[in-house]
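Colleague: I'd like to ask you about the structure that follows.
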Amino acid sequence: MADQDQLIGYFSNLVSDKQPVRLYNTYRGLSFNHAADILSVDQGTVISRVHRHQAVSMALEGRTHLHGSTLPEVIRANVIEVDFRRKQATLSEFSGVGDAIGKRTKVRVQPSESLEAEICDGRRRIQGRIADISANGMCIFTFHAYMYGMFFGIDREVFIDFRPPSADTIVRFTGIITNINNQEGSYLHRLGLKIFPNPEIEPLLEAYITRQQKVIMHEMEQTYRTMCQENYRQG
């Protein structure tokens, strides 16, 4: 794994060669993976020109991931400043994280409303709230993940029941639990599931995801305009 000085050297080469990188962030579940130019390197910090949507997600997350053909691996960086009017971000504290970023193939969104869900194995049920959802996966927050740990563990096949906002009835499809993570500082757990909607449910699910994507993008644009105005008042 490259150290800080080596990574700064890679970024200096990107400036000299005028080679762009790709940045990876998320906002409300949506991925933003735009190309970015490295403008300058100075005393351990890197200034990059960024897309306006990337700028918002970077500022809110406080970090980003960079990938480029000449970088040894995906690099995680802290975001220390974002200039929204200039569409520039200042990065620091770089570390390599392998190549396991940007693999998602389906659009994933966070619901604007509270969507309750139930997971059952035919005998037991646990209740939770949908954190985000795509056409082939979802994450659910629940207090009950470990209550029945031996029954609802990794790779367990389950049924998922929930009512989409546009539906009059509860829908059910099958899924497999892929991960269970404790939310630090709480008794809440986050369950990741691979889901298998049947042909009748799939169009309903995809329609909801498309609508929610538009809602989130509209919110993103409003947030960008607000942050630009704040930059103007401060500068």
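Please treat every number below as a calculation from the coordinates, not as lab data. All values derive from a computational prediction rather than experimental measurement. Virtual Cβ from ideal backbone geometry, glycine too; neighbours counted across all protein chains shown.
Colleague: Taking the Cβ of Arg233 as the center, what net charge do the other residues with Cβ under 14 Å away carry, scoring Lys and Arg +1 and Asp and Glu -1? Please report the intermediate quantities before stating the final value.
Modeller: Values: positive: Arg85, Arg225; negative: Asp83, Glu230.
Taking every Cβ under 14 Å from that of Arg233, the sum is 0.
Colleague: On alpha-carbon atoms, Rg over Rh for the stretch 175-232 using Kirkwood Rh?
Modeller: Working: Rg = 17.7 Å, Rh = 14.9 Å.
Dividing the radius of gyration by the Kirkwood radius yields 1.19.
Colleague: While we're looking at this one, here's another question. Compute the relative contact order of the stretch 116-211 as a whole-number percentage, counting only Cα pairs closer than 8 Å that sit 6 or more residues apart in sequence. Don't skip to the end; give the middle numbers.
Modeller: Values: 195 pairs, mean separation 27.1, N = 96.
Once normalised by length, the contact order is 28 percent.
Colleague: Run the numbers on the stretch 49-173 and let me know its relative contact order in percent, using alpha-carbon pairs under 8 Å that are six or more apart. Kindly include the intermediate steps, with their values, before the conclusion.
Modeller: On the way: 196 pairs, mean separation 19.7, N = 125.
In percent, rounded to a whole number, it is 16.
Colleague: Still on this structure, please answer the following. In whole Hz, what ³J(HN,Hα) sequence does the stretch 47-61 give by Karplus (6.51, -1.76, 1.60; θ = phi - 60°), x for Gly and Pro?
Modeller: Using θ = phi - 60°, the values come out as 9, 10, 7, 10, 5, 4, 5, 5, 4, 5, 5, 5, 5, 6, 7 Hz.
Colleague: Could you pull out every one of the lysines with an alpha carbon less than 23 Å from that of Lys106, ignoring same-chain neighbours closer than 8 positions?
Modeller: Cross-link targets: Lys194, Lys214.
Colleague: I'd like the FRET efficiency for Asn33 and Lys214, computed as 1/(1 + (r/R0)^6) with the beta carbon distance as r and R0 of 30 Å, rounded to 0.05. The partial results should precede the final answer.
Modeller: Working: r = 19 Å, r/R0 = 0.63.
That gives a FRET efficiency of 0.95.
Colleague: With the Cα gyration tensor of the chain giving a ≥ b ≥ c as the square roots of its eigenvalues, does the rule (a/c under 1.5 for rounded; else a/b larger than b/c for prolate; else oblate) give rounded, prolate or oblate? Mind dumping the intermediate values first?
Modeller: Details: a/c = 2.46, a/b = 1.81, b/c = 1.36.
Prolate.
Colleague: Further question on the same structure: Over the chain, what is the relative contact order in whole percent, taking alpha-carbon pairs under 8 Å and six or more residues apart? Walk me through the numbers before you get to the answer.
Modeller: On the way: 475 pairs, mean separation 34.1, N = 235.
The value is 14 percent.
Colleague: Any idea which of Ala135, Ser166, Asn181 is furthest toward the positive side of the dipole for the stretch 105-223, if Lys and Arg beta-carbons carry +1 and Asp and Glu beta-carbons -1?
Modeller: Going by the Cα projections, it comes out as Asn181.
Colleague: Let me know the Kirkwood hydrodynamic radius for the stretch 116-211, please, with Cα pairs as the basis and the value in Å to one decimal. Please list the in-between numbers first.
Modeller: Values: mean 1/r = 0.0743 Å⁻¹.
Roughly 13.5 Å, rounded to one decimal.
Colleague: In terms of the Cα gyration tensor, with a ≥ b ≥ c the square roots of its eigenvalues, is the stretch 77-132 rounded because a/c is under 1.5, prolate because a/b exceeds b/c, or oblate? List each step's numbers first, then the result.
Modeller: On the way: a/c = 3.29, a/b = 2.13, b/c = 1.55.
Prolate, since a/c reaches 1.5 and a/b exceeds b/c.
Colleague: Something else now. Search the structure for amide H atoms under 5 Å from the amide H of Ala131, placed 1.01 Å from N in the peptide plane, and list their residues when 5 or more places away or on another chain.
Modeller: It is Cys139, Ile140, Phe141, by chain and number.
Colleague: How big is the C-alpha Rg of the stretch 4-96 next to the rule-of-thumb value 2.2 N^0.38 Å, as a ratio? Mind dumping the intermediate values first?
Modeller: Details: Rg = 11.8 Å, N = 93, 2.2 N^0.38 = 12.3 Å.
This ratio for the stretch 4-96 stands at 0.96.
Colleague: When the distances between all Cα atoms of the stretch 54-174 are binned every 10 Å from zero, what whole-number percent does each bin get?
Modeller: 11, 29, 26, 22, 12, 1
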